[in-house]
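I have placed the structure first, in the form of structure tokens, so that the comments after it can refer back to it.
The values are calculated or read from the model by the stated rules, or taken from the named source; none is laboratory data. This is a predicted model, so every value here is computed, not measured. Cβ coordinates were reconstructed from backbone atoms using ideal geometry, including for glycine residues, and neighbour counts include every protein chain displayed.
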Amino acid sequence: MADSDPRTDEDLIAAADRGDPAAFETLYFRYRDWVVSLAWRFTANRDDALDVLQETFAYLLRKFPGFRLTASMKTFLYPAVKNYAIAARRKRRRFAGEAEVLDELPAAGEPSGASREELATALGALDDAHREVLLMRFVDGMSLAEISSALGIPLGTVKSRLHNALSKLRADPRTRAYFEGT
Amino acid sequence: MRDAQNHEAEDSQLLAPKGLTDDLARLLRPGFTVPAEVDRVVLALGRRRIRASERTRRVVRWLAGAAVAAVLLVALWVGTSRARLPQDIDGSGRVDILDAFTLARVLDERRAVERKWDVTGDGKVDRADVDAVAMSAVRLDKGRVQ
């Protein structure tokens, strides 16, 4: 759903805090698909991802009245989505780590470079913390500062993990081709 | 200049090729859309919660206003009560025999008197006013703020 509302997230939060349900609706549709994608990435289960979506926005609603957005919405929502998703996976079965989730993701879209399996395998070979920062940066579109805030780690650590992830992908024969010519 | 160049050099190490980022997005995209029923549930919860929180804010604002008004009323009452009671020599909020004793001591010690202690209204503060305060104190409704 296209978001034609020119208001910033802060404006929408303030309007919702003043009692405007339409402002919340705009916020919901603005971040719904990102939240469900993130939840899917953590859970690899459609039902769990949809539950996490609902729980995340219920969590946001519990902040009213009196909620003030002091960071970006993605920074605010990311830890909530992650925690609810981890809880959902634990309920479903013993938590096995994000690398295993990559193996479970059905082919939603076939990559054009490396094959799906090669890319998933290369990602799975990364350290969990490095992979998480890589995906937050290049799939979620979060800035380094937003990643630092969302994960509660120093900016230098974010840069270090991202650098390590990219270096590994550059060296991995399955993904080396992406970097040739760069 | 060197810092800016180092910053740019560092940032270039943190860039990823577009082909990689596009393929990552494709790999990790969920193969389903959010059902309309889920949207309805979340939005209905949102409407209930936002309206309830607005009602809560209205109640809190009303209570805060009522509390301020109550404080102002009490302050006004205390202030005007004291002003209406020239016999309350010691400012205790009650008119009793102690007020007569206090005024008598003030006169005996020739201390400064306040004009409002001229209870008899004869233009001076003297023993007649002490007697008038004592008479007020022994009335049946003595001690109560009038």
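Hey, any hits in the stretch A:28-37 for a residue that's touching a helix residue (DSSP H, G or I) at 6+ places or on another chain (Cβ under 8 Å), more than 19 Å from A:Ala58 (Cα to Cα) and surrounded by 15 or more Cβ atoms within 10 Å (Cβ to Cβ)? Looking through the stretch A:28-37, none of the residues is touching a helix residue (DSSP H, G or I) at 6+ places or on another chain (Cβ under 8 Å), more than 19 Å from A:Ala58 (Cα to Cα) and surrounded by 15 or more Cβ atoms within 10 Å (Cβ to Cβ). Residues that are more than 11 Å from chain B (Cβ to nearest Cβ) and under 15 Å from the mean Cα position of the chain (by Cα) within the stretch A:53-81 comprise A:Ser72, A:Met73, A:Lys74, A:Thr75, A:Phe76, A:Leu77, A:Tyr78, A:Pro79, A:Ala80, A:Val81, listed in sequence order.
Exactly one residue out of B:Leu15, B:Leu27 is at pLDDT below 95 and at the interface with chain A (Cβ under 7 Å from one of its Cβ atoms): that is B:Leu27. With a requirement of 2 or more residues that are within 11 Å of another protein chain (Cβ to nearest Cβ) and touching a residue at least 40 places away in the same chain (Cβ under 8 Å), the helices (runs of 4 or more DSSP H) lying completely within the stretch A:137-182 that satisfy it span A:176-179. Considering (1) over 17 Å from A:Ala58 (Cβ atoms); (2) buried (at least 20 other Cβ atoms within 10 Å of the Cβ); (3) not β-branched (Val, Ile, Thr), the lone condition that A:Gly19 does not fulfil carries the number (2). The residue that is nearest to A:Leu61 (Cα to Cα), among those in the stretch B:30-40 that are within 7 Å of chain A (Cβ to nearest Cβ) and at pLDDT 95 or above, is B:Val38. The residue list B:Asp99, B:Asp108, B:Asp126, B:Asp122 contains one member that is at negative phi, of a type in the set (Asp, Glu) and within 38 Å of the chain's Cα centre (by Cα), which is B:Asp99. A residue that is under 17 Å from the mean Cα position of the chain (by Cα), closer than 17 Å to A:Asp140 by Cβ, of a type in the set (Val, Ile, Thr) and at pLDDT 95 or above cannot be found anywhere in the stretch A:37-50.
Scan the stretch B:47-58 and tell me whether some residue there is in contact with a Ser or Thr (Cβ under 6 Å, 6 or more places away or on another chain) and at pLDDT 90 or above. No.
Scanning the stretch A:14-30 for residues that are within 11 Å of chain B (Cβ to nearest Cβ) and either aromatic (Phe, Trp, Tyr) or assigned to a helix (DSSP H, G or I) (or both) returns A:Ala15, A:Ala16, A:Asp17, A:Pro21, A:Ala22, A:Ala23, A:Phe24, A:Glu25, A:Thr26, A:Leu27, A:Tyr28, A:Phe29. Residue count for the stretch B:121-140 under the criterion of being within 11 Å of B:Gln87 (Cβ to Cβ) and either surrounded by 13 or more Cβ atoms within 10 Å (Cβ to Cβ) or not basic (Lys, Arg) (or both): the result is 8.
Considering (1) under 23 Å from B:Val59 (Cα atoms); (2) part of a loop (DSSP other than H, G, I, E, B); (3) in contact with a helix residue (DSSP H, G or I) (Cβ under 7 Å, 6 or more places away or on another chain), say which one A:Lys63 fails and leave the rest. Against the list (1) under 23 Å from B:Val59 (Cα atoms); (2) part of a loop (DSSP other than H, G, I, E, B); (3) in contact with a helix residue (DSSP H, G or I) (Cβ under 7 Å, 6 or more places away or on another chain), A:Lys63 comes up short only on (3).
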